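Trainee: Mind looking over this structure? Questions follow.
Read-outs throughout are calculated quantities, based only on the coordinates presented, and are distinct from any laboratory measurement. None of these values were measured; they are calculated from a predicted model. In this analysis, Cβ positions are derived from the backbone assuming ideal geometry, glycine residues included, and neighbour counts consider all displayed protein chains.
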């Protein structure tokens, strides 16, 4: 039996080193004992000492993302599970991860789902406290179920880029000094101040927005389990707010009704004047308050990509994962988009990718947040950001993904499904190609999925032709 040690146990690079050696040595999964650190193993030669008998095979990027998430889980069998999947992929099952009914794949996805939910909880429930005697310095204590701090740290780095902060957990700590992120050993609750002056203000604000008419204790505890309450200052007031909910609702019902307005005027939004630098523009987008979409959203999601990009891809609006991560096209539709780009012969890293609407509009449905299309006023409020992005990047061509993007650049009423895959010119003379959004492909029935996906790839191939040849050839 060979010995495999991963230290630290949640680190993808540490696991990859060991797994690569084992794979090159031809060691099957049942020939290896896996452990975290030095514990749990009594003997056996290290897999790092095994002689190589073959080259390392390539694995899909989706496997590496799965591995990164699964390694953050506390399941002691996660290393062995990932190596079993890696072995099967290398031994002739390259599409293994697409078989969600496979026991190994299903178990890995269950672990990934638990980790992602735990990461979402951390991003929602971390509360910073001001460090006494230090300016613009904050610290937070949090106890996640899994080792997700490394996964969540980039989110906090972007969300709170303007302040210095530290997040402490029992296993790990993340420290942001305003310029760089450092990871270190864990801490203890006593390392964090018990209270600060800002909490009283936050609790008053939370009480002022607490809606007794929408109180649903079961749903609230499902989304915010009581074991998280110790991290939340507002949790101290929840029992009293819940006790007072019934009288407050009765008082609301007893009030005299107000006559409805005959006509509700449409809101007027004003997008701030953008700046002349792309990074500064992105910062301005994150602070946008031009329409109400910023209020329920986690953050605005500006575009990303090189300033000298020849092609700009414009989507519709951020989704759930994009809203949490702060980057465009990182959810299921984004992953399909990346795959379609590769098949079409395009490199996402050399393109600029953005959305017509910068905030995630959604409606809660149980524990999920379902996408809801932005209305015309909200789209108009974001149009200034999109046009300024195009002015700064100055691409040779633009691709609209979906009806909202096509409307933003080619006008309302543009017949997307009839005109998709063709080059048009917008009011500024920019060559624009419109096609379907990747999420439209994902919504197709199983029988139509492959043809829908292929049609998207074919549309993207027209971009390759247009960039390679002259406009007439396109």
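Trainee: Using 7 Å Cα-to-Cβ label points, what is the residue 227/residue 448 separation (nm, one decimal)?
Mentor: My value for the distance between the label points is 4.4 nm.
Trainee: In deg cm²/dmol, rounded to 500, what helix-only [θ] at 222 nm does the chain give when every DSSP H run of at least 4 residues adds -39500 (n - 2.57) and the total is split over its residues? Each step should come with its number before you reach the end.
Mentor: Working: 17 runs with 193 residues, N = 474.
Rounded to the nearest 500, it is -12500 deg cm²/dmol.
Trainee: I'd like the FRET efficiency for residue 117 and residue 13, computed as 1/(1 + (r/R0)^6) with the beta carbon distance as r and R0 of 22 Å, rounded to 0.05. The partial results should precede the final answer.
Mentor: Numbers: r = 24 Å, r/R0 = 1.11.
E(calc), rounded to 0.05, equals 0.35.
Trainee: For residue 143 and residue 214 in the same chain, what is the full-extension length gain: residue separation times 0.36 nm, less their Cα-Cα distance, in nm? Present the calculation step by step, with values, prior to reporting the outcome.
Mentor: Working: separation 71, 0.36 × 71 = 25.56 nm, distance 2.91 nm.
Using 0.36 nm per residue and subtracting the Cα-Cα distance, I get 22.6 nm.
Trainee: Ok, one more. What FRET efficiency comes out for residue 248 versus residue 377 if R0 is 30 angstrom and r is the Cβ-Cβ distance? Round to the nearest 0.05.
Mentor: On the way: r = 32 Å, r/R0 = 1.08.
Step by step, r from the Cβ atoms, then E = 0.40.
Trainee: Now for a different question. Report relative contact order for the chain in percent, whole number only (criteria: Cα-Cα under 8 Å, sequence separation at least 6). Don't skip to the answer; put the middle values down first.
Mentor: On the way: 701 pairs, mean separation 40.9, N = 474.
So the answer I get is 9 percent.
Trainee: Another question, if that's okay. Rank-order 231-244, 45-58 by packing density, defined as the average count of other C-beta atoms within 10 Å over each peptide's residues, highest first. It would help to have the intermediate numbers written out before the result.
Mentor: Values: 231-244: 14.6, 45-58: 12.4.
Sorting 231-244, 45-58 by mean packing, highest first, produces 231-244, 45-58.
Trainee: Using alpha-carbon pairs under 8 Å, 6+ residues apart, how would you state the relative contact order of the range 2-118 in percent? Show your work: numbers first, answer last.
Mentor: Numbers: 145 pairs, mean separation 33.0, N = 117.
Value for the range 2-118: 28 percent.
Trainee: Distance from the Cα centre of the range 63-129 to that of the range 451-471, in angstrom?
Mentor: 34
Trainee: Something else: Given points 7 Å out from each Cα along the Cα-Cβ axis, report the residue 200 to residue 368 separation in nanometres with one decimal.
Mentor: 4.4
Trainee: How would you rank 210-217, 250-257, highest first, on the average number of other Cβ atoms within 10 Å across their residues?
Mentor: 210-217, 250-257
Trainee: Now a separate question. Can you tell me the order of 316-323, 291-298 when each peptide is scored by its average per-residue count of other Cβ atoms within 10 angstrom, highest first?
Mentor: Numbers: 316-323: 23.6, 291-298: 17.2.
The peptides rank, most packed first, as 316-323, 291-298.
Trainee: Using 0.36 nm per residue of separation minus the Cα-Cα distance, give me the extension gain between residue 423 and residue 391 in nm, one decimal. Don't jump to the answer; show the numbers that get you there.
Mentor: Details: separation 32, 0.36 × 32 = 11.52 nm, distance 1.96 nm.
Once the chain is fully extended between residue 423 and residue 391, it gains 9.6 nm.
Trainee: Calculate, in nm to one decimal, what residue 54 and residue 412 gain on full extension: separation in residues at 0.36 nm each, minus their alpha carbon distance.
Mentor: Details: separation 358, 0.36 × 358 = 128.88 nm, distance 5.80 nm.
Here the segment from residue 54 to residue 412 would lengthen by 123.1 nm.
Trainee: For the residue pair residue 464 and residue 280, what label-to-label distance in nm results when each label sits 7 Å from Cα along the Cα-to-beta-carbon direction?
Mentor: 3.9
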